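Notes for the one structure printed next.
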Amino acid sequence: MITSVLVANRGEIACRIFRTCRELGIRTVAVHSDADGDALHARVADTAVRLPGAAPAETYLRGDLIVKAALAAGADAVHPGYGFLSENAGFARAVLDAGLRWIGPPPEAIETMASKTRAKELLGLGPLQKVTEADLPVLVKAAAGGGGRGMRIVRRLEDLDGELSAARAEALGAFGDDEVFVEPYVENGRHVEVQILADTHGTVWALGTRDCSLQRRHQKVIEEAPAPGLSDALTRELCALAVRAARAVSYVGAGTVEFLVADGRAHFLEMNTRLQVEHPVTEAVFGLDLVAEQIRVAEGHALQKDPPPARGHAVEARLYAEDPAKGWAPQTGTLHRLDAPEGIRLDTGCTGGDEIGVHYDAMLAKAVAHAPTRAEAVRRLAGALERTTIHGPTTNRDLLIRSLRHEEFTTARMDTGFYDRHLQEVTEPTPDPYAPLAAALADAHGRSRFGGWRNVPSQPQTKRYERAGEEIEVRYRHTRDGITADGVRVVHADARTVVLEVDGVQRRFEVARYGDQVYVDATRLTALPRFPDATTQHAPGSLLAPMPGTVVRVAEGLTEGVAVTAGQPLIWLEAMKMQHQISAPADGTLTALHAKPGQQVEPGLLLAVVQPT
């Protein structure tokens with residue numbers, strides 16, 4: 001019997017596994033890097049062990065240190081979570097060789113299926129050995145791992161070598177393995193997967209389908225179960241193929257077999273020999289706790305002959321600290337508050353006061369809604385996200401809400417090209433015109449006991465804010481009858497709550513302030529000095545670091561004075577284990593180049609200047 005589990009992971013998945021362990025009466029052990037010393041997963045575990053010596057991005061890839069930590073903490077089992085070493089057969093063997101239980105599939109199964117090239121060969125498929133014009137577009141993929149890391153679409157032969165190099169570097173940093181391969185790229189297919197669960201007694205469950213078609217940069221954003229709109233015949237085929245893949249490697253535990261579905265046909269992608277990020281939607285539909293089932297299987301218990309029946313529909317949205325309108329750039333800073341309404345499941349690895357840094361994935365939380373029908377689940381999740389309070393870095397929350405309410409999604413006509421077609425409309429800003437006024441009124445009441453009333457006419461009070469790069473000036477007056485602003489009656493105002501009446505309709509605003517950051521409901525504003533500071537201006541064509549990170553590459557031959565073309569890649573930054581490309585904004589001449597490989601940069605740092613022609 002398992003009595004103590006070390007989770008060889010961090011963040012949301014570590015916290016989620018700990019929750020099940022507590023319910024089962026199992027003690028928990030966390031491991032953490034120096035950067036994660038005060039992270040939520042390290043705080044909620046019964047025991048936490050620091051992993052010494054390694055750089056933050058590499059810490060959770062040190063299997064030797066993790067096994068040593070498990071033994072030192074008295075754990076008798078290790079759960080790998082997802083990502084990092086979860087699909088590393090060598091790590092699984094090291095855990096077993098140390099006399100610990102491995103809550104995962106046999107190392108041999110991991111070894112076969114964790115390499116996408118070997119998995120395809122097992123099922124009679126194989127990668128492209130030589131790429132020609134006729135093969136384009138193609139997809140470069142990491143052989144080990146997933147999550148979109150080490151993955152590139154190539155549409156021109158001349159780009160292939162560069163994308164192969166970038167994919168290898170990204171795969172090595174994320175998975176410790178730089179093997180990549182090339183396969184045909186299927187445009188605008190649906191990403192459909194099957195959850196499997198197998199025991200040591202020969203039983204394999206296929207727990208229905210999931211649709212994960214809404215993706216950015218090949219990473220899933222919204223997932224649901226069951227996959228809508230599939231014929232019964234295709235669903236049976238997908239489940240049968242998944243069971244076949246599991247039996248081919250004598251699989252044990254939880255895993256996922258992924259497919260691309262196009263024109264009613266299923267194309268095998270890969271088998272993930274671990275728990276998936278999106279496993280909660282399957283749990284909701286089947287009424288299961290997959291982590292609890294993983295533990296039971298690791299203890300040698302048998303599954304029932306058949307899985308429980310499916311009930312209703314579930315949808316999950318991944319909440320990321322990122323700016324979709326700016327190339328999905330990850331965002332950093334203090335997460336002051338994260339609260340979701342009741343009625344949905346929120347899996348997270350962070351809480352108010354936590355720092356969102358550059359070393360790890362940008363996902364803050366997963367929000368999951370379950371209902372009798374798909375339409376009800378989608379509406380419930382969109383409404384809950386709209387009422388979720390997030391004070392901190394920019395997130396993709398608005399994109400999630402608009403995606404869930406988009407006609408193409410509500411009618412289940414989406415595919416993996418959804419954001420290629422609709423990104424602009426689901427990121428189009430819709431600023432609340434009254435949020436700056438509410439911020440100014442709350443700020444005035446929070447800073448002044450007497451509200452600023454005068455016995456003689458005076459100039460209007462003014463406050464300046466920045467919202468999404470736009471500067472806004474707010475004007476209002478204190479009078480005998482109260483505070484007035486153009487066309488607006490101020491019903492109530494204090495430091496936290498403002499009620500405005502516009503055309504007879506009252507609106508209530510909740511206001512919070514953290515330093516110069518002001519949050520009015522879902523609107524984030526930055527309070528500005530009364531008079532602009534001319535020293536913060538940059539020349540036209542300035543390329544600024546969009547995030548904190550490391551310069552990993554500068555385009556070959558790039559020197560001051562060379563001509564560049566609009567969209568030409570110039571500089572590559574690495575942040576949160578992903579590479580981000582900075583391109584020329586227009587045709588012109590490079591007049592300044594400050595970025596150097598290996599340089600650590602902060603947001604807003606000047607990297608280069610392109611003088612437009």
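Every number here is computed from the coordinates shown, using simple stated rules; none is lab data. Bear in mind that the values here come from a model prediction, so they are computed numbers and not experimental data. Counting neighbours? That spans all protein chains shown, and the Cβs are built from the backbone with ideal geometry, glycine included.
Placing R0 at 35 angstrom, the Cβ-Cβ distance between Gln129 and Leu71 gives a FRET efficiency of 0.20 after rounding to 0.05. Taken as Cα centroids, the range 175-198 and the range 539-568 sit 32 Å apart, rounded to the nearest whole angstrom.
Modelled label-to-label distance, Glu376 and Ser165, 7 Å Cα→beta-carbon offset: nm? Distance between the two pseudo-spin positions: 5.6 nm.
Where does each of 249-257, 557-565 land if you order them by average Cβ count within 10 Å, highest first?
249-257, 557-565
Entry for the range 179-242 at q = 0.26 Å⁻¹: log10 I(q)/I(0) = -1.13, Debye formula applied to identical alpha-carbon scatterers, no solvent contribution.
Per residue and in Å³, how big is the convex hull formed by the alpha-carbon atoms of the range 538-612? Hull volume over Cα atoms, normalised by residue count, gives 72 Å³.
Just how many % of Cα pairs in the range 463-554 lie over 20 Å apart, if you round to the nearest whole percent? That fraction is 54 percent. Given the range 84-168 reduced to its alpha-carbon atoms as identical point scatterers, what log10 I(q)/I(0) does the Debye formula return at q = 0.17 Å⁻¹? Evaluating at q = 0.17 Å⁻¹ gives log10 I(q)/I(0) of -0.78. Which percent of the Cα-Cα distances in the range 192-402 go past 28 Å? Tail fraction, whole percent: 32. Note on Gln611 and Ser583: the extension gain reaches 8.7 nm, defined as 0.36 nm multiplied by sequence separation minus the Cα-Cα distance.
Given a Förster radius of 30 Å and the C-beta distance between Gln568 and Glu407 as r, what FRET efficiency does 1/(1 + (r/R0)^6) yield to the nearest 0.05? Walk me through the numbers on the way to the answer.
On the way: r = 36 Å, r/R0 = 1.21.
Calculated value: 0.25.
If you average the alpha carbon positions of the range 16-43 and of the range 44-116, how far apart do those two centres end up, in angstrom? Each part reduced to its Cα centre gives a spacing of 14 Å. The fraction of all Cα pairs in the range 327-461 landing in successive 10 Å bins from 0 to the largest distance is 9, 29, 32, 17, 9, 4, 0, given as whole percents. Measuring max minus min along each principal axis, the C-alpha atoms of the range 387-448 give extents of 54, 20, 18 Å (largest first).
Give the order of Cys21, Cys239 when sorted by the count of other beta carbons within 10 angstrom, beginning with the fewest.
Details: Cys21 24, Cys239 19.
Ranking Cys21, Cys239 by Cβ neighbours within 10 Å, fewest first, gives Cys239, Cys21.
Exposure proxy ranking for Val291, Val505, based on other Cβ atoms within 10 angstrom of each Cβ and starting from the fewest, stands as Val505, Val291. Projected onto its three principal axes, the C-alpha set of the chain covers 87, 59, 52 Å, listed from the longest axis down. Spatially, the range 328-383 and the range 227-262 are offset by 28 Å when compared through their Cα centroids. Computed from label points 7 Å out along Cα-Cβ, the spacing between Leu544 and Arg19 is 3.8 nm.
With axes computed from alpha carbons, what is the tilt in degrees of helix 160-175 against the longest principal axis of the chain, rounded to the nearest 10 within 0 to 90? Roughly 80 degrees, rounded to the nearest 10.
Counting other Cβ atoms within 10 Å as a rough exposure proxy, the listed residues Lys596, Lys116 run Lys596, Lys116 from fewest neighbours to most. Pairwise alpha-carbon distances in the range 4-103 exceed 25 Å for 7% of all pairs. What the pair-distance distribution of the range 329-376 shows, using all Cα-Cα distances binned every 10 Å from zero, is 22, 44, 23, 11 percent.
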